[in-house]
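Written below as structure tokens is the structure these notes are about.
Bear in mind that the values in this text are calculations on the coordinates, not laboratory data. These figures come from a predicted structure and were not determined experimentally. With ideal geometry, Cβ positions are generated from the backbone for all residues, glycine too; neighbour counts draw on all protein chains shown.
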Amino acid sequence: MGIDLTKMKAKREALENRDTGKTVFWRPEDGEQTIRILPPSDGDPFKEFWFHYNLGKNAGFLSPKKNFGEDDPLNDFIRQLFKDGSEESVKMAKNLSARQRFFSPVIVRGEEEKGPRLWGFGKMAYKELLNLVLNPEYGDITDVTEGTDLVINYGKPAGAQFPQTTITPRRRPSVLSESEDEIRTWLDGIPDADEVFERKTPEQVQSMLDEFLLGAGDAEETSTEATHYGNSTTQVDKAFEELLGTERITAGRHGLQVPH
């Protein structure tokens, strides 16, 4: 059997997308959009990661401790802050603590030409999606022939403090695409979430922490805002940072509104 050129082209496209950061991530825009969660080869459409944010101007990065069980200077520092117990220390500890995020591969209806992208969301949205996939009324929502599209309505209602995201499943199942070749290309081109995010070594985390503390120390001495240091962000970093805005999740069928 010869090389499957369609699959090879999809892999190259996925690699180029990861390198440029142009189409790796998707987040809802104001208004209504329809998406379809794709079925990864391992059967798990929800990938869980823990990220640290707010360490100076460094982009969000994977927690070595939470994700990989490695030595983590930042995690040790956070534990020391909680142990100190002062109001200021606890506030900083909470600000630096790792936060849970989930990512699913999706096709955005009307933007199919952009191929598979990763949709990042928080724990409450994850719970809603789990309830949906476990609901026998819908079956496998990722099935390529009888799956379910999801209508995502995003925006900030008048008077609301946070944007809200409504997740509403379509009433009827639908085919992912009328083209089997397109389906195959999309499935072969699903971005690998494990490869998208750079994995920091404990030494790199220690260096970022040292620079952050140096900046905070300088700020205390000069009574001005802290001076932050950090590596320049890549396009992928910038795209990912756009996913981190505070929002609310509303379950379309159940009327549940919760902090994201």
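Quick notes on this structure:
- In order along region 110-117, the phi-based Karplus estimate (6.51 cos²θ - 1.76 cosθ + 1.60, θ = phi - 60°) of 3J(HN,Hα) comes to x, 10, 4, 5, 7, x, x, 9 Hz; Gly and Pro are listed as x.
- Vicinal HN-Hα couplings computed from phi for region 99-108 (Karplus, 6.51 cos²θ - 1.76 cosθ + 1.60; Hz; Gly/Pro x): 10, 8, 9, 10, 9, 10, x, 9, 10, 8
- Between Phe61 and His52, the built amide H atoms are under 5 Å apart, and every one of these is 5 or more places off in sequence or on another chain.
- Rounded to the nearest 20 debye, the dipole magnitude of region 98-138 is 320 debye, with +1 charges on Lys and Arg beta carbons, -1 on Asp and Glu beta carbons, and the Cα centre as origin.
- Note on Tyr53/Thr145: beta-carbon distance plugged into 1/(1 + (r/R0)^6) with R0 of 51 Å gives a FRET efficiency of 0.80.
- Each residue, Asp71 and Gln204, gets one label point 7 Å from its Cα in the Cβ direction; the gap between the two is 1.7 nm.
- Entries in Lys65/Lys91; Lys66/Lys123; Lys83/Lys127; Lys114/Lys200; Lys57/Lys94; Lys47/Lys114 that, when Cα-Cα distance is taken, lie over 24 Å: Lys83/Lys127; Lys114/Lys200
- Taking amide H as placed 1.01 Å from N in the peptide plane, the amide H of Arg199 sits under 5 Å from none that are at least 5 places away or on another chain.
- Extension gain for the segment Arg109 to Asp42, taken as residue separation times 0.36 nm less the Cα-Cα distance, is 21.7 nm to one decimal.
- Region 23-75: GluC sites (Glu not before Pro) falling in loop per DSSP and having at most 12 other Cβ within 10 Å: Glu29
- For region 157-172, 3J(HN,Hα) computed residue by residue from phi via the Karplus equation (6.51, -1.76, 1.60; θ = phi - 60°) reads x, 4, x, 7, 7, 10, x, 10, 10, 9, 10, 10, x, 5, 6, 10 Hz, glycine and proline entered as x.
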